[in-house]
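The structure appears below as structure tokens.
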Amino acid sequence: MQFQNNIVKDKILIVDFGSQVTKLIARRVRELGVYSEIITPNALIKFKEYTSVKGLILSGGPSTVTAKKFQSVPKEIFQKKIPILGICYGLQLIAKIFGGKIKPSKKRREFGRAFLFKRKKSIIIKNFLETKKSVWMSHEDAVVKLPRNFKVIASTKNSKLTIIENTKNKIYGVQFHPEVTHTENGKQIFRNFLFSICKIKRVWSVSSQKKILIKQIKNLVKKDKVICALSGGVDSSVTALLINKAIKKNLICIMVDTGLMRKNEFKYTYQLFKKKYNLNVKLINASKLFFKTLKNVSNPEKKRKIIGNLFIKVFEKESKKHKNIKFLGQGTLYPDIIESKSSTGSKTSKIKSHHNVGGLPKKMNLKLVEPLKDFFKDEVRILGKSLGLVETINFKHPFPGPGLAIRIIGNITQERVKILQEADHIFINELIKKNLYNKIWQAYAALLPIKTVGVMGDTRTYEHICLLRAVTSEDGMSADYFSFPKTFLDSISNKIINNVKGINRVVYDITSKPPSTIELE
Ligand code: XMP
């Protein structure tokens with residue numbers, strides 16, 4: 001049994017045709033105070049609860065309606081009098097269904113910036129397009145013949161039918177992507193669609209959901225007990241605080257000390273949740289076991305597997321000591337749910353086997369409590385703030401489940417972990433001091449245990465390399481390296497070498513993702 005949110009009555013349904021940016025559509029709608037959910041075309045076929053759906057958005061995607069077989073929507077949705085907005089592939093699909101013509105064309109394709117010209121007044125472009133506007137495009141196919149009963153609202157040089165409408169049936173289509181920030185004031189398109197066309201009310205806000213979530217946890221769990229793995233990251237922390245508000249001491253939080261956390265992090269988190277938030281936290285020191293099992297293991301995938309399995313073993317052993325546990329609390333987020341229901345059903349090739357403390361075994365036979373499963377990370381942070389979660393945790397950079405083990409290339413020893421913890425601590429503290437921490441999505445130090453020659457004082461040294469990584473990103477799927485001022489790089493290199501014994505060279509990683517990944521292993 002799953003935790004059921006059903007948090008709001010009125011919503012916007014977004015049909016995901018596999019665009020990389022469908023999640024952004026959901027976020028833009030929510031930012032405007034309207035609850036939105038993403039649904040796959042397959043799930044839409046079986047979907048029945050249309051009474052709460054005030055509008056439908058059809059996303060972009062990699063398919064083409066010019067192929068013999070293509071992803072579509074049940075025709076009945078156009079008879080339900082629900083306003084519809086098609087974006088990119090969504091527009092082409094609407095055009096195809098209503099008798100328009102779509103052609104793939106090298107001449108008409110547009111990638112990146114394009115300029116939109118107004119052809120006709122329309123509610124969908126109110127306060128968005130006066131005469132000319134820069135928008136972001138990503139399409140090869142284009143609509144070349146207007147579908148029946150549609151009018152053209154705007155064009156670009158290459159594609160004449162860029163915005164189209166059928167006001168009678170409240171169907172709209174845009175070829176560009178209003179959901180990405182590269183489209184100037186793209187949010188206005190959603191504002192117009194939601195409030196002027198769908199006439200939906202602005203009632204959704206994350207903090208208004210807090211009370212509802214707590215009540216739902218109470219109703220679900222009743223007098224039973226919930227166990228939860230607490231890592232000190234924002235997701236597990238907010239989950240624990242929410243469940244604790246609902247059921248108090250019937251929540252048992254387990255913290256497994258793997259010895260692979262950042263400097264002082266484990267002690268700090270434990271004290272905070274135990275003393276400040278008064279949670280029922282059990283601490284298990286398993287660092288010896290982790291170091292012993294990881295001895296001489298240098299293969300990244302092996303490290304990940306060993307840590308994942310050990311974690312589960314330790315957690316299971318501890319949970320057996322507590323009687324009458326019926327539920328497992330997990331910090332699953334909405335993107336995790338969306339990603340596990342890919343619209344195309346394709347499984348992208350495995351780059352790394354991710355492990356996090358939420359991934360606990362099914363065989364434990366516990367029911368799940370996943371109060372964050374309808375929220376994006378930034379929304380979880382809003383919840384965290386309203387629950388009084390300290391900023392050091394609420395705005396903490398993401399940290400991988402296997403911890404520092406995947407930031408030490410090669411074998412993991414206690415000595416190497418100690419060296420890395422010191423360097424990382426200096427790096428992160430400097431970022432905070434220089435007000436850079438919150439501008440960066442994720443930053444860390446890694447240890448490259450290849451030795452190079454240096455000179456300190458008059459003495460030759462032969463020590464390890466410390467690699468610094470700092471990236472900007474929206475969701476970790478792609479990332480760019482952060483451009484530090486030279487003065488920062490100069491001083492951080494100095495500070496690390498002067499203070500950390502065992503490091504005599506500091507390098508800064510200037511690769512983006514792709515082609516690299518954020519972590520090294
Ligand atoms: P990569 O290295 O794949 O990382 O570009 C993308 C994001 O995921 C984090 N990461 C993990 N998170 N368990 C986690 O919970 C893991 O095993 C894991 N591996 C990577 C990484 O820190 C980055 O934020």
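Greater than 28 Å separation of Cα atoms is the criterion. Which listed pairs, LYS263/LYS367; LYS377/LYS434; LYS23/LYS69, meet it?
Pairs exceeding the cut-off: LYS263/LYS367.
Under a cut-off of 16 Å between alpha-carbon atoms, report the aspartates and glutamates in cross-link reach of LYS326, not counting same-chain residues fewer than 8 places apart.
Partners within reach: ASP224, GLU316, GLU318, GLU370.
Quick one: length gained pulling ASN169 to ASN498 fully straight, 0.36 nm per residue minus the C-alpha distance?
Extending this stretch completely gives an extra 111.5 nm.
Choose one of ALA229, SER386, PHE290: the residue whose Cα lies farthest towards the positive end of the charge dipole of the chain (beta-carbon charges +1 Lys, Arg; -1 Asp, Glu; about the Cα centre).
SER386
For the chain, what is the relative contact order in percent, using Cα pairs closer than 8 Å and at least 6 residues apart in sequence?
After rounding, I find 11 percent.
Please report the Cα spread of the stretch 213-394 along all three principal axes, rounded to whole Å, starting with the longest.
Between the extreme Cα coordinates on each principal axis of the stretch 213-394 lie 47, 43, 34 Å.
When only C-alpha pairs under 8 Å and at least 6 residues apart count, what is the relative contact order of the stretch 11-197, in percent?
Relative contact order here is 21 percent.
Among all the aspartates and glutamates, which ones have a C-alpha under 15 Å from LYS126's C-alpha, if same-chain residues fewer than 8 places away are not counted?
GLU165, GLU184
Suppose R0 equals 45 Å. What FRET efficiency, 1/(1 + (r/R0)^6) with r the Cβ-Cβ distance, do LYS101 and LYS199 give to the nearest 0.05?
0.90
Work out, step by step, the length gained on full extension between LYS121 and LYS267: first 0.36 nm times the residue separation, then minus their alpha carbon distance; give nm to one decimal.
46.4 nm
Near the amide H of LYS326, under 5 Å away, which other amide H atoms are found, from residues 5 or more places off or on another chain, if H is placed in the peptide plane?
For LYS326, whose amide H was placed from the backbone, the distant partners under 5 Å are LYS225.
Normalise the Debye intensity by I(0) for the stretch 11-197, one equal point scatterer per Cα, no solvent, then take log10 at q = 0.09, 0.10, 0.14, 0.16 Å⁻¹ and round to two decimals.
Each listed q corresponds, in turn, to -0.27, -0.33, -0.68, -0.92.
Which of ASN499, ILE518, VAL471 sits farthest toward the positive end of the charge dipole of the stretch 469-521, with +1 on the Cβ of Lys and Arg and -1 on the Cβ of Asp and Glu?
Farthest along the dipole direction, towards plus: ASN499.
Using amide H atoms built in the peptide plane, which far-off residues or other-chain residues are under 5 Å from THR183 H to H?
Amide H neighbours of THR183: TRP136.
Residues in the stretch 29-70 near a label at GLU140, defined as backbone nitrogen under 12 Å from the 7 Å Cα→Cβ point?
It comes to 62-67, nothing else.
Using a 7 Å offset from the Cα along the Cα-to-Cβ direction at both LYS439 and ASP509, what is the distance between the two label points in nm, to one decimal?
In this crude label model, LYS439 to ASP509 measures out at 2.1 nm.
Order the peptides 374-380, 171-177 from the highest to the lowest mean number of other Cβ atoms within 10 Å of their residues.
Packing order, densest peptide first, comes out as 171-177, 374-380.
Just how large is the dipole of the chain about the Cα centre, in debye to the nearest 20, putting +1 at every Lys and Arg Cβ and -1 at every Asp and Glu Cβ?
My answer is approximately 1800 debye.
Can you compute the helix-only [θ] at 222 nm over the chain? Use -39500 (n - 2.57) per DSSP H run of at least 4 residues, normalise by all residues, nearest 500 deg cm²/dmol.
One gets -8500 deg cm²/dmol as the mean residue ellipticity at 222 nm.
When you count, for each residue, the other Cβ atoms within 10 Å and take the mean per peptide, how do 496-508, 246-258 rank with the highest first?
Highest-to-lowest ranking by the protection proxy: 246-258, 496-508.
About its Cα centre, what dipole magnitude does the stretch 46-172 give when the only charges are +1 on Lys and Arg Cβ and -1 on Asp and Glu Cβ, stated in debye to the nearest 20?
420
Holding the Cα-Cα limit at 23 Å, pick out from LYS75/LYS118; LYS132/LYS201; LYS433/LYS495; LYS249/LYS320; LYS245/LYS275 the pairs that are longer than that.
LYS75/LYS118; LYS132/LYS201
Taking the Cα centre of the stretch 196-239 as origin, sum charge times position over the Cβ atoms of Lys and Arg (+1) and Asp and Glu (-1), and report the length of that vector in debye to the nearest 20.
My answer is approximately 380 debye.
For the chain, which whole-number percentage of the solvent-accessible area (1.4 Å probe, protein heavy atoms only) is attributable to carbon and sulfur atoms?
52
Mind checking the per residue accessible area of the chain for me, 1.4 Å probe, whole number of Å²?
On a per-residue basis, the chain sits at 49 Å².
In vacuo Debye scattering of the chain, one point per C-alpha: log10 I(q)/I(0) at q = 0.13 Å⁻¹?
-1.26
The values are calculated or read from the model by the stated rules, or taken from the named source; none is laboratory data. Predicted model, so just to flag it, every value in this text is computed and none were measured. No Cβ is skipped: glycine too gets one built from the backbone with ideal geometry, and neighbour counts run over all protein chains shown. Accessible surface areas use protein heavy atoms only, side chains included; no ligands, DNA or RNA. Shrake-Rupley method; radii C 1.70, N 1.55, O 1.52, S 1.80 Å.
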